[in-house]
Amino acid sequence: MISQYLKIIRPHIVVGGLLAFSVGALLGLANGGVFNSGYFVVCYSTVFFGDLSTHFSNDYFDFKQDKARCKKSLFSNHKVLIENPEMLPSTRKIAVVLLVISLLISAFAVIFKFAPLMLLLIMIGANFLGWFYSSPPFRLVSKGVGEVAISLAVGFAIPSAGYLSSKGSLDSWYGLFVVPFMLYALMLALSLEAPDIECDRLSDKKTLGLTKGVKVVFIVAFCLSFAAFLVFLFSALQMASPVNLFIITGFSTIPLVGGLLGLLKIYKGKNVQIPSALNVVSLFIINLLIIGYLTAIFWL
C-alpha cells in the first residue's frame with residue numbers, strides 16, 4: 001500500500017524544485033553568502049515537504065475531475081486514487097501533515113536562527129498557493145489564476161528560499177533574477193497543462209489553453225522565454241554583477257530555442273506532447289547549466 005501512495009509523487013516536480021532551490025542557494029553564494037550544509041538542508045526541507053503536500057492535495061481535490069480524464073499525458077500523475085478510492089481519506093491527511101511539517105520546520109528555523117523571518121513568510125505564502133491551487137473555496141485553477149499561482153510558488157518562493165539559505169536576506173541583485181524565474185515558471189505551468197487541454201474540458205478548470213486554445217499556449221510560452229532572454233540581456237548590458245550575466249544570457253537561449261521549436265511543431269500539427277516536452281526539458285537544462293556555472297565559480 002505504501003508503494004501506491006508513493007506513486008502519487010511526481011519525481012520530475014520534486015527534481016525541478018530541488019534545482020530551483022539550488023539555483024537560488026548558489027546565487028546567494030555568488031553574491032557573498034556563506035554555504036552551511038545545515039542551513040541548506042533545513043531550508044530545503046521546508047520546500048520539500050511543502051512540495052510533496054501539493055502532490056497529495058491536488059490529487060485529492062481533483063479526484064472527481066480525474067475520473068473523467070480521457071488519457072494520461074506524459075507529465076500527468078498516475079490514476080492511483082481513481083483505481084484505489086479507499087485511499088482518499090489517508091491522502092488528504094498526508095497532505096495536511098506534510099504541509100504542517102513544512103510550516104513547523106520554517107518556524108523552528110526562524111526561532112533557532114537557521115533562517116530569517118522572511119523564510120517563514122515565503123513558505124506560508126507558497127503553502128497557501130499550493131493548497132488552494134486545487135482546494136475549495138478558492139480553487140485557483142478554476143478561477144483562471146492557477147498558472148499565476150505556479151509562477152509565484154516555483155519562480156519566486158522556491159529559489160528565494162534557496163537564496164535565503166546562503167545569503168540570509170533578499171536583495172536588489174537577486175531581484176534581477178526574480179522576473180526571469182517567474183517567467184520560466186509560467187512557461188513551465190503552461191507547458192505541463194498543454195497536453196491535458198482536451199481532457200480538462202470535462203472539468204471545472206479554467207486555464208489559458210481551455211479559453212484560448214493550444215496554439216495560444218505555445219505562443220505565450222515562446223514569448224515568455226523571449227522576455228526572460230531580454231531581461232537577462234538588459235541586465236548584462238546595464239548592471240554590475242558578481243557573476244557574468246552574459247553567460248547566464250547565453251544559457252537563456254536554451255528555453256528560447258525550445259519554445260520556438262515547440263511553437264513551430266504546433267503549427268505543423270505535431271502531437272502536443274512533443275513541444276510540451278521540449279519546453280519542459282529546456283527549462284531543466286537551463287537550471288542545470290546555471291547550477292554548473294555557479295558551482296564552478298564557488299569552488300574555483
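Miscellaneous remarks
- Efficiency of FRET between Val178 and Lys268 - r from beta-carbon atoms, R0 30 angstrom, step 0.05: 0.30
- Residue exposure sequence - Thr253, Thr207 - by fewest surrounding Cβ within 10 Å: Thr253, Thr207
- Positive-end extreme of charge dipole, region 88-205 - chosen from Leu152, Phe114, Phe132 (charges on Cβ): Phe114
- Each of Leu103, Leu176, Ile197 was placed along the dipole of region 2-299 (beta-carbon charges, centred on the mean Cα), and the one lying farthest toward the positive end is Ile197.
- Placing unit charges on the Cβ atoms only, positive for Lys and Arg and negative for Asp and Glu, gives the chain a dipole magnitude near 580 debye about its Cα centre.
- With both labels modelled 7 Å from their Cα along Cα-to-Cβ, the Asn84 to Leu237 distance reads 5.5 nm.
- Distance in nm between pseudo-label sites at Asp171 and Asn244 (7 Å out along the Cβ direction from Cα): 2.2
- Taking 0.36 nm per residue of separation and subtracting the current Cα-Cα distance, fully stretching the chain between Asp204 and Phe108 would add 30.7 nm.
- Under the span-like rule (Cα at least 15 Å along the axis, Kyte-Doolittle mean at least 1.0), DSSP H helices of the chain: 11-30, 88-111, 117-132, 172-193, 214-238, 253-267, 273-299
- Label-point separation, Val15 to Ile2 (7 Å along Cα→Cβ), nm: 2.4
- Springs between Cα atoms under 10 Å define the GNM used for the chain, and in it the highest mean-square fluctuation of Gly144, Gly258, Gly38 occurs at Gly38.
- Candidate cross-link partners of Lys113 among the lysines, defined by an alpha-carbon separation under 22 Å and a same-chain spacing of 8 or more, comprise Lys167.
- For Ser106, neighbours were defined as the other residues whose beta-carbon sits under 15 Å from its Cβ, and their charges (Lys and Arg +1, Asp and Glu -1) total 0.
Bear in mind these aren't lab numbers, they're just calculated from the coordinates by the rules spelled out. What you are looking at is a predicted structure, and each value in this text was computed from that prediction instead of being measured. Because the Cβ atoms are built from the backbone with ideal geometry, glycine has one as well, and the counts that use them run over all protein chains shown.
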